[in-house]
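Visitor: Before we start, here is the structure in question, set down as structure tokens.
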Amino acid sequence: MAHGGGGVSVGVEPHWLLARRDEAERTLVRTGIPDGRDEAWKYLDAQQFLVSAHPSPPDDVSRLAAALSLPEAWQVMVFAGGVFRKDLSRLAPQLPGSAVEAMSTALDTDAPSVGSHLGELDPMDSAMFAANRERWSDGLFLEIAADATLPGPVQILDIGSGSSFLRHLVLAGPRSRSEILEVRVAPDGILAVGRSVLEANLQQGASVSFRSLQAGGDRLRSWAGLVARLERGSEFSSRQFLVSGELARTETVVELAGPEARADLSGLTAVSGARVADILTLVRHASGRAESRQLFQALAGGKSTASFLGIVQVERDAQKTSARQSNRNLLLSREASINSRPQLEIWADDVKCSHGSTTGRLDEKALFFLRSRGFSESGARALLVRAFAGELVEGLPEGSFRSLVETLLEETL
Amino acid sequence: MSGEILLELKGLRAKAGETEILKGLDLTVRRGEVHAIMGPNGSGKSTLSQVIAGHPGYEVTGGTAQYKGKDLFSLAPEIRSRDGIFIAYQYPVEIPGVANNYFLRTALNEHRKHKGLPELEGGPFLKLLRERMKAVHMDPALSGRSLNEGFSGGQKKRNEVLQMLLLEPELAFLDETDSGLDIDALRDCADGVNSLRSPERAFVVVTHYQRLLDHIIPDFVHVLHDGRIIRTGSKELALELEAKGYEWLTAGAA
């Protein structure tokens, strides 16, 4: 099953797919790899996501697959180094009209769906998305029939091994409901580079909830693109936890394409040591009367860096838009750094848009107060940090995903 | 009174920033005693409480402090607390996101661990908490709220006294606990203190006004002025101060 991380075996791919890979390659040549002159790559070097790495030991992969297949998931799709591992996955019988399968399978069984949607939501000039589009090897294909509700969350377990590109495609039919859990991980001490894209297409009234966690791997470099298009009345929520790994970058691009659509984006970054975590969001209100909410929080200790660039665009016709964005940060050491850049580009005049950004340190008064009531210094710090991070953790349903988040937060801080 | 000495301050000097505030303060507190420290604003009353608590914003520049025979200043704030020192603060801090009951239970269990007692969890803790809250007439709903967040002045002070009732300190400093309180809250706080009075414990009541001392009867009243205790008397001294003000004492002292 060893796989270098290039494309799938090119010989068996349909022509339309090869053509798309060619198009992506041309885009990449045209854009080049972004550098520090690019606003979006000011605090992180894109080249660091484009290095090659050796595959992780198979025993580590199996161990992580067993440890991180979440009990609350209805199905678990395991990918290691960009390759679907049916042997490590936990699958359920297919539902009528819906599909939960690997992209490599879907290319045979659901070719028309894949062909008509693959890559359609990618931001045009993004080198990283183009690189993924050119070289992806596998991923999750999730198609949910109209009015269907998945019996439970579908988990993507993305185990870093070498250098990989995954592409997941979610087609949420009208009024369907689905939940996706993503866990990205790699064995400790081994460089692994993962670049994944999840594309979600939400038809009228569909609801997709996405929760993602980078769950370990101190040498894992993970770039994760998340693109979603929301038709009328659909709801998309994502919550991303970047609480481990060497480098983490998420780019979330959401288009509100119909009225009464609602996007709820949130994330918690907790970095220490020399780690770097970088969050970019681009929320485009193309339709009026849609809503977006963003809450991103970061904790940075050691010599780490946590950055947030949040762009909200409201197009000229998107009247009655409601957009809120909040970025709250906590610096836990003198040498850590936080960069927070909210950007609002509003072309409509009848809108409610707000953004707020705060960066501070742990409240010394609170810290002393707790100690003077008998808390150890570390206990007091941990309590205050938990209080800061609490809002995004407490909103999670009880379960092993939440426990994992809590454990990792404790370890990181 | 002839209880064992709990706290002995000799020639205590302390600075807040560049300003020297305590300038040679002497005070001996024995078990079983209640001391009142009165003084005008700026005399160093709050600084004294903060120095006893170990607040890092105050620097001790001279003198000694013995607590139960140990050098107080060698002890971290949490050790002072676990070893029986409690400060009821004038301005209790608000901590959003930390539930009051969680805070109270953790603090109590840190103290219990220190004393070699098993931790109190769940039911037994809640039972104790309910009893103590009742004793200070505190709304039970406040136990689940974030610590002091959105509490009224009276609720915050009741919460301080509640912490004292749970932690059962040996030496409690009440730093202007009466400030900003209506008469009901004042009485509840005083009742809380009185319920803890015992031959083992001592209290130092720091106040600007005499009225709290109608409810907590002190054995000694000290007048603090310009960082030193300039007069010590019985509870009648407090009444005299109330009637005459501080000036008759401080005019010649500075």
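Each value in this text was obtained by applying a stated rule to the coordinates, not by laboratory testing. Just so we're clear, the structure is a prediction, and the values are computed from it rather than from any experiment. Cβ sites come from the backbone with ideal geometry, for glycine too, and all protein chains shown count toward neighbours.
Visitor: What number do you get for the range A:281-337 when its Cα radius of gyration is normalised by 2.2 N^0.38 Å, N = residues? Walk me through the numbers on the way to the answer.
Guide: Details: Rg = 15.3 Å, N = 57, 2.2 N^0.38 = 10.2 Å.
Dividing the Cα Rg of the range A:281-337 by 2.2 N^0.38 Å gives 1.49.
Visitor: Right, something else. Compute the distance from the alpha-carbon center of the range B:122-143 to that of the range A:373-413, in whole Å.
Guide: 25 Å
Visitor: Count, for each residue of B:9-20, the Cβ atoms from other chains sitting within 10 Å of its Cβ, then give me the mean as a whole number.
Guide: Counting Cβ atoms of other protein chains within 10 Å of each residue's Cβ and averaging gives 0.
Visitor: I want to make sure I understand the PRE zone here: with the label point 7 angstrom from the Cα of B:GLU240 toward its beta carbon, which residues in the range B:29-69 have backbone N atoms less than 20 Å away?
Guide: B:34-41
Visitor: Evaluate peptide A:374-385: per residue, the Cβ atoms of other protein chains within 10 Å of its Cβ; return the mean as an integer.
Guide: Counting other chains' Cβ atoms within 10 Å and averaging over A:374-385 gives 5.
Visitor: Note down the magnitude of the dipole of the protein assembly as shown about its Cα centre, charges +1 on Lys and Arg C-beta and -1 on Asp and Glu C-beta and zero elsewhere, to the nearest 20 debye.
Guide: 960 debye
Visitor: So if I place +1 on the C-beta of Lys and Arg and -1 on the C-beta of Asp and Glu, and nothing else carries charge, what would the dipole magnitude of the range A:362-413 be about its Cα centre? I want it in debye, nearest 20.
Guide: Here the range A:362-413 has a charge dipole of around 240 debye.
Visitor: Which entries of B:LYS68/B:LYS157; A:LYS303/B:LYS45; B:LYS23/B:LYS70; A:LYS365/B:LYS113; B:LYS45/B:LYS134 have Cα-Cα distances beyond 32 Å here?
Guide: A:LYS303/B:LYS45
Visitor: Using only the alpha-carbon atoms, how far is helix B:122-135 inclined from the longest principal axis of chain B? Give it as 0 to 90 degrees, nearest 10.
Guide: Result, in degrees: 40.
Visitor: P(r) tail for the range A:362-413, what percent of Cα pairs lie past 15 Å?
Guide: Within the range A:362-413, distances greater than 15 Å cover 50 percent of Cα pairs.
Visitor: Under 16 Å from a point placed 7 Å out from the Cα of B:HIS114 along the Cα-to-Cβ direction: which residues of the range B:83-105 have their backbone N that close?
Guide: Flagged as within label range: B:83-89, B:104-105.
Visitor: Which order, highest average first, do B:44-56, B:232-244 follow once you tally other Cβ atoms within 10 Å for each residue and take the mean per peptide?
Guide: Packing proxy ranking, top to bottom: B:44-56, B:232-244.
Visitor: Enumerate the amide H contacts of A:VAL83 below 5 Å, restricted to partners 5 or more residues apart or on another chain; note that Pro and chain-start residues carry no placed amide H.
Guide: It is none; the list stays empty.
Visitor: Once you have the Kirkwood Rh of the protein assembly as shown from its Cα pairs, apply Stokes-Einstein at 25 °C and 0.890 mPa s and quote D in µm²/s. If you can, show how the numbers build up before the last one.
Guide: Numbers: Rh = 28.4 Å.
Answer from the Stokes-Einstein relation: 87 µm²/s.
Visitor: If you don't mind, there's one more thing I want to ask. Kindly put A:HIS54, B:HIS215, B:HIS35 in sequence by how many other C-beta atoms sit within 10 Å of each C-beta, fewest to most. Show your work: numbers first, answer last.
Guide: Working: A:HIS54 11, B:HIS215 17, B:HIS35 21.
Going from least to most buried by this count: A:HIS54, B:HIS215, B:HIS35.
Visitor: Angle between the Cα long axis of helix B:235-244 and the longest principal axis of chain B, 0 to 90 degrees, nearest 10?
Guide: Orientation of helix B:235-244: about 70 degrees from the principal axis.
Visitor: Could you please report the charge total around B:ALA185, scoring K, R as +1 and D, E as -1 over all other residues with beta-carbon less than 14 angstrom from its beta-carbon?
Guide: That sum, taken over residues with Cβ under 14 Å, equals -3.
Visitor: Okay, moving on. Compactness ratio of the range A:10-257: Cα Rg over 2.2 N^0.38 Å, N = residue count?
Guide: Cα-based Rg divided by the globular estimate yields 0.95.
Visitor: Going by how many other Cβ atoms sit within 10 Å of their own, how do B:THR28, A:THR359 line up, fewest first?
Guide: On the way: B:THR28 14, A:THR359 17.
Fewest-to-most ranking of B:THR28, A:THR359: B:THR28, A:THR359.
Visitor: What's the angle, to the nearest 10 degrees (0 to 90), between helix B:100-114's Cα axis and the longest principal axis of chain B?
Guide: It is inclined by approximately 70 degrees.
Visitor: Can you grab the distance from the C-alpha centre of the range B:205-239 to the C-alpha centre of the range A:90-120, Å, no decimals?
Guide: Result: 81 Å between the Cα centres.
Visitor: Take the alpha carbon gyration tensor of the range A:106-201, find the square roots of its eigenvalues, order them as a ≥ b ≥ c, and report rounded if a/c is under 1.5; if not, report prolate when a/b exceeds b/c, else oblate.
Guide: It is oblate, given that a/c is not under 1.5 and a/b is not larger than b/c.
Visitor: With loop defined by DSSP as not H, G, I, E or B, and exposure as at most 15 other Cβ atoms within 10 Å, which is the longest segment of chain A clear of exposed GluC sites (Glu not before Pro)?
Guide: Here the longest run is A:121-334.
Visitor: In percent, how large is the relative contact order of chain B, given Cα pairs closer than 8 Å and 6 or more residues apart? Kindly include the intermediate steps, with their values, before the conclusion.
Guide: Values: 471 pairs, mean separation 70.2, N = 254.
For chain B, the relative contact order is 28 percent.
Visitor: Using only atoms on other chains, find how many Cβ atoms lie within 10 Å of each Cβ of peptide A:27-36 and report the average. Spell out each step's value before the answer.
Guide: Values: counts 0, 0, 0, 0, 0, 0, 0, 0, 0, 0.
That average works out to 0.
Visitor: Estimate the FRET efficiency between A:GLU13 and B:ASP71 by the formula 1/(1 + (r/R0)^6), using the beta-carbon distance for r and 60 Å for R0, to the nearest 0.05.
Guide: 0.20
Visitor: Farthest toward the dipole's positive end in the range A:10-257, which of A:LEU28, A:GLY189, A:ALA146, given Cβ charges of +1 (Lys, Arg) and -1 (Asp, Glu) about the Cα centre?
Guide: A:GLY189
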